[in-house]
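The values are calculated or read from the model by the stated rules, or taken from the named source; none is laboratory data. Everything numeric here is computed off the predicted structure, so don't read it as measured data. Note that we place each Cβ from the backbone using ideal geometry, even for glycine, and neighbour counts take in every protein chain shown.
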Amino acid sequence: MPKLLLTLLCCLVMTNVHATLIRGKVTDQNGNVLPYATILIKGTTNGATANAQGVYQLEVPTGPQVIVCQYLGFKKQEQSINAAGNDQQLNFIMQPVSLQVKEVVVRSGGEDPAYAIIRQAIRKRSYYRKQVNEYTCEAYIKGFFKLRGAPKRVLGQKIKNDDLGLDSTGKGVVFLSESVTRIAFQQPDKLKLDVVSARQSGGGLGISFPAFINFYDNNVEAIISQVNPRGFISPIAESALMHYKYRLEGTFTEDGKIVNKIRVIPKRKQEPVFSGTIFITEDDWRIHSTDLLLTQEYQLELVDTLRIRQIHVPVTADVWRTKDQFIYVAIKQFGFDVVGNFVNVYSNYNLQPNFSKKYFDKTFMKYDTAAEKRSITYWDSIRPVPLEAEEARDFVLKDSTAKADRDSSRSKRHIDSLRQKRRGPKVWDILWEGVDYPLYFRQDSSIRSHDIRMKGLIRGLEYNTVEGLVVQAAPGIDFSLKNGRSLAWNNLFRYGFSNTHLNVSSELVYRGKRKKYSESRNVWTLSGGQKVSQFNPENPITPLPNSLYTLLLKENYMKLYERQFVQFRYARRFDNTLRVAASLGYENRLPLENTTDFVIFDNKDKTFLPNHPQELAGRPFVRHQAMLFNASLRFQPGQRFIEYPTGRSAMGSKQPVFEVSYSKGIRIFESDVDFDKWKVSMQDEINFKLFGELRYKLSGGGFLNRKSVSLPDLQHFNGNQTFYNINYLNSFQLAPYYQYSTDARLYGMAHVEHHFNGFLTNKIPLFNRLKWHLVGGTNAFYVNSNNNYVEIFAGLENIFKIIRVDVVAGYQTQAPTTVGVRVGFGGLLGGAVSFSN
């Protein structure tokens, strides 16, 4: 009985201290809603943010409370309530601030009073940036994007509205997520995030990383570096007076403190700067709030408009921190019309967390085991920004659709439905688009699904002087197994019409078990058959340019041999991005000769070169066998990780990427090769923000043993004799393909290039509107005094966001200087372009 009475008493007490929910709307005196207004419990950083309709809801402890409402350009308003446990309605009708305009004395050399205020803020910038040595807080993050219009095709690919969740007009919500994250920070740059809860409409974790935008930094990174790799200059940066003009629009008093409203005006277009308004408090010269804008006129890339609004509030009498941050995004690119926003609400600041020495470890971000499992009731109880009607509908619709799909995904009815929706391959698919024909299996099958696939035949056409016209078919089957495992069977049929020879090869690739969100897994590959390969295994020239040069210019750069082979390979990628690989194979290598001299435009002054590289004429290539062992290791120290409930993934590191490889030619059985070859490399990208980005790759290697080295086993330096190049950090833009190939005991190689990302070119009137960026650098290797090469280059990239053009000069001690122009892919989008050989 006493225990029962105690339990009832506890329940009674808990009922009495239950929080009160207050709801309301924030408007101006004319009834216009004030979106994303800040609502606080006075004396704390706990509060809520109104949504786009000005609606808010906030839980407050029982008892007398003072609720504060803030909005940029309006007087802070306070209302007292007595929270008694029952829901209450509390609306705010905000009045605009009465700006007091200081008298400006206009005289020769006079300046706006805003400049004196900004100078004071610049002097205090570093102090406020470092004022708090460590802290913790919580952040609620909501991200929302919707399409207002979409093209029917992009780069020839049809846009399917169903895949994007759009309606028949190409409109609809394409992304919606919310999360709660605990933030821990310690100077100078230690950061740890614990994700308490996260969800995305339709399933998934969404975005749980707060967008830290700190205007006390000299260089401000706005969300992601792709918006502008150089970052943006803060209105109170050390160099701000060189980039901005200022105008004091007035002052107002808030809580006994004078606040200055200052208009921020860029001095020049095409510089990475903001426009808009910044509010600075008098005497202590701290940021009160911001309403700043970025546009494409000021080096914003890929995004058309980015608006950042922040409200800073006092955590203590001397320390202010960001309370609310609202980011509006508008994008009109490639026919897509996208608008969206990110709302960050910060609360529960603790400025004396007293972290232990080992608190900040390699785990940068950690998801709670229940992060994805929170109930709707939970979200409704903790959400500081009420969902808008469109957002609530999207969550309900996509979550229920996803659940229905999961529940029925392995049912006979669902599988039969999927089978009925399949369409058989058409002639155009076989010739160009490619075939991807899925099959589906029942729940009790160990095979979840598989796809029969093949690339389009036309895309596989090639031409070379050895085989003539080449047609290829590459059918394959992908089996999706349980526990993230998979099995792929890849085949290649290649027929040359001139040498009338069919080459067939096949490989089985088994990918082992993998946890969700983890990249760690084993990959086993067994391959064999007969293939045509280039002497340089890195394939320095790809089929398309070789075909064009051969047919149109009568220049045959690709040098080929045939190999009959069998190979076993093992590879593993670990969660820390460490990659190891090893292979053992046996090859029967056969020389090939030219069999055709057909060209479209015949030039009588030119003749095709032999298939054997003329630069290696002193090294004969005859039929022989080779037993080969290869091993490699790739790693990047200093990795930090995101830890999920079922695995972890690497977030990257500030350290370079290192790679070590070793190759052994084994003279065993009938193998004719005997060598030991090694190579080490270091590669990195260093972002100097306003001054651009440096990228480099340094390599060294050689032969420990070179008793019997065949042409394919030499150290080749990737040359390039065609008009275009894409492997910028792994090739020489003007060098012949095989002139410098060697079996030397030691060599060194360097590739260095600096991407200015708009620095310098943004100073050129009219030209700066193009947003073409300067790039320059050098490529070099050294074997000995007779075998070395250096080239320097300068060019423009980001042409139409994708093209790069270089002017290159190459120098070799035994030959005259050469000069050429090379075209490739470079810039914000061009850097992501790659072609498989």
Legend entry - Long-range neighbours under 8 Å by Cβ, at least six apart or interchain, first residue part of a strand (DSSP E or B) within the range 260-279, second basic (Lys, Arg) and crowded, with 22+ Cβ neighbours inside 10 Å: 277/261; 279/261
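Going by the structure shown, is residue 609 part of a loop (DSSP other than H, G, I, E, B), closer than 29 Å to residue 628 by Cβ and without any contact (Cβ under 8 Å) to a residue 60 or more places away in the chain? Before you say what the answer is, go through the steps one by one.
Details: part of a loop (DSSP other than H, G, I, E, B): yes; closer than 29 Å to residue 628 by Cβ: yes; without any contact (Cβ under 8 Å) to a residue 60 or more places away in the chain: yes.
For residue 609, the condition - part of a loop (DSSP other than H, G, I, E, B), closer than 29 Å to residue 628 by Cβ and without any contact (Cβ under 8 Å) to a residue 60 or more places away in the chain - is met.
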Legend entry - Filter result (of a type in the set (D, E, K, R), surrounded by 15 or more Cβ atoms within 10 Å (Cβ to Cβ), under 24 Å from the mean Cα position of the chain (by Cα) and in a strand (DSSP E or B)) within the range 662-689: 684
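Report yes if some residue within the range 617-629 is among the charged types (D, E, K, R) and assigned to a strand (DSSP E or B); otherwise report no. It would help to see each step written out before you state the result.
Taking the range 617-629 as the starting set, the residues that turn out to be among the charged types (D, E, K, R) are 619, 623.
Filter again for assigned to a strand (DSSP E or B), leaving none.
No, because not a single residue in the range 617-629 is among the charged types (D, E, K, R) and assigned to a strand (DSSP E or B).
Okay, residues lined up against (1) of a type in the set (Asp, Glu); (2) over 30 Å from residue 612 (Cβ atoms); (3) not in a loop (DSSP other than H, G, I, E, B):
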position: 734; (1), (2), (3): no, no, no
position: 748; (1), (2), (3): no, no, yes
position: 753; (1), (2), (3): yes, yes, yes
position: 793; (1), (2), (3): no, yes, yes
position: 806; (1), (2), (3): yes, yes, yes
position: 809; (1), (2), (3): no, no, yes
Inset, instruction - From the list 217, 283, pick out the single residue that is of a type in the set (Asp, Glu), assigned to a loop (DSSP other than H, G, I, E, B) and surrounded by 14 or more Cβ atoms within 10 Å (Cβ to Cβ). - result: 217
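Within the range 108-116, does at least one residue satisfy the condition of being at pLDDT below 90 and either polar (S, T, N, Q) or under 26 Å from residue 399 (Cβ atoms) (or both)? Write out each step before concluding.
Taking the range 108-116 first, the residues at pLDDT below 90 are 108-111.
Subsequent filtering for residues that are either polar (S, T, N, Q) or under 26 Å from residue 399 (Cβ atoms) (or both) retains 108.
Yes, because at least one residue in the range 108-116 is at pLDDT below 90 and either polar (S, T, N, Q) or under 26 Å from residue 399 (Cβ atoms) (or both).
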Legend entry - Qualifying positions in the range 596-652 - of a type in the set (A, V, I, L, M, F, W, C), closer than 25 Å to residue 567 by Cα and over 42 Å from the mean Cα position of the chain (by Cα): 621, 622
Inset, instruction - Kindly check whether there is at least one residue in the range 232-241 that is touching a residue at least 24 places away in the same chain (Cβ under 8 Å), assigned to a helix (DSSP H, G or I), surrounded by 19 or more Cβ atoms within 10 Å (Cβ to Cβ) and not charged (D, E, K, R). - result: yes
Inset, instruction - Need at least 1 residues that are hydrophobic (A, V, I, L, M, F, W, C) per element, so show me which strands (runs of 3 or more DSSP E) inside the range 461-557 make the cut, counting only ones lying wholly within it. - result: 468-473, 475-481, 486-496, 501-511, 521-534
Inset, instruction - Check the range 697-715 and report whether any residue there is among the aromatic types (Phe, Trp, Tyr), closer than 29 Å to residue 809 by Cβ, in contact with a strand residue (DSSP E or B) (Cβ under 8 Å, 6 or more places away or on another chain) and not assigned by TED's automatic domain parsing to the domain that holds residue 632. - result: no
Inset, instruction - Tell me which of these residue 311 doesn't satisfy, since it passes every other one: (1) within 18 Å of residue 73 (Cβ to Cβ); (2) in contact with a Phe, Trp or Tyr (Cβ under 8 Å, 6 or more places away or on another chain); (3) not small (Gly, Ala, Ser). - result: (2)
Inset, instruction - For residue 163, work out the one condition from (1) of a type in the set (Asp, Glu); (2) surrounded by fewer than 19 Cβ atoms within 10 Å (Cβ to Cβ); (3) at pLDDT 65 or above it doesn't fulfil. - result: (3)
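Going through 53, 57 one at a time, which residue ends up being modelled with pLDDT of 90 or more and assigned to a loop (DSSP other than H, G, I, E, B)?
Details: 57 fails: assigned to a loop (DSSP other than H, G, I, E, B).
Residue meeting the stated conditions: 53.
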Inset, instruction - Return yes or no: is residue 484 outside the structural domain of residue 179 (by TED's automatic domain parsing), modelled with pLDDT of 90 or more and surrounded by 13 or more Cβ atoms within 10 Å (Cβ to Cβ)? - result: no
Inset, instruction - Scan the range 244-272 for residues that are buried (at least 21 other Cβ atoms within 10 Å of the Cβ), under 24 Å from residue 304 (Cβ atoms) and modelled with pLDDT under 95 and jot them down. - result: 270, 271, 272
Inset, instruction - For residues that are of a type in the set (D, E, K, R) and touching a residue at least 24 places away in the same chain (Cβ under 8 Å), scanning just the range 454-498, find the one that is nearest to residue 424 (Cα to Cα). - result: 478
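Here's a check for you: in the range 747-785, which residue that is of a type in the set (D, E, K, R) and under 25 Å from the mean Cα position of the chain (by Cα) is farthest from residue 691 (Cα to Cα)?
Step one: filter the range 747-785 for residues of a type in the set (D, E, K, R), giving 753, 763, 769, 771.
Next, from what is left, pick out any that are under 25 Å from the mean Cα position of the chain (by Cα): 753, 771.
Values: 753: 13, 771: 15 Å.
Ranking the qualifying residues of the range 747-785, first place goes to 771.
Each row is one residue, and each column tells you yes or no for (1) modelled with pLDDT under 95; (2) more than 30 Å from residue 194 (Cα to Cα); (3) crowded, with 17+ Cβ neighbours inside 10 Å.
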{"residue": "615", "(1), (2), (3)": "yes, yes, no"}
{"residue": "629", "(1), (2), (3)": "no, yes, no"}
{"residue": "632", "(1), (2), (3)": "no, yes, no"}
{"residue": "639", "(1), (2), (3)": "yes, no, yes"}
{"residue": "651", "(1), (2), (3)": "yes, no, no"}
{"residue": "660", "(1), (2), (3)": "no, yes, no"}
{"residue": "691", "(1), (2), (3)": "yes, yes, no"}
{"residue": "697", "(1), (2), (3)": "no, yes, yes"}
Inset, instruction - Please tell me if residue 568 is under 26 Å from residue 500 (Cα atoms) and touching a Gly at 6+ places or on another chain (Cβ under 9 Å). - result: no
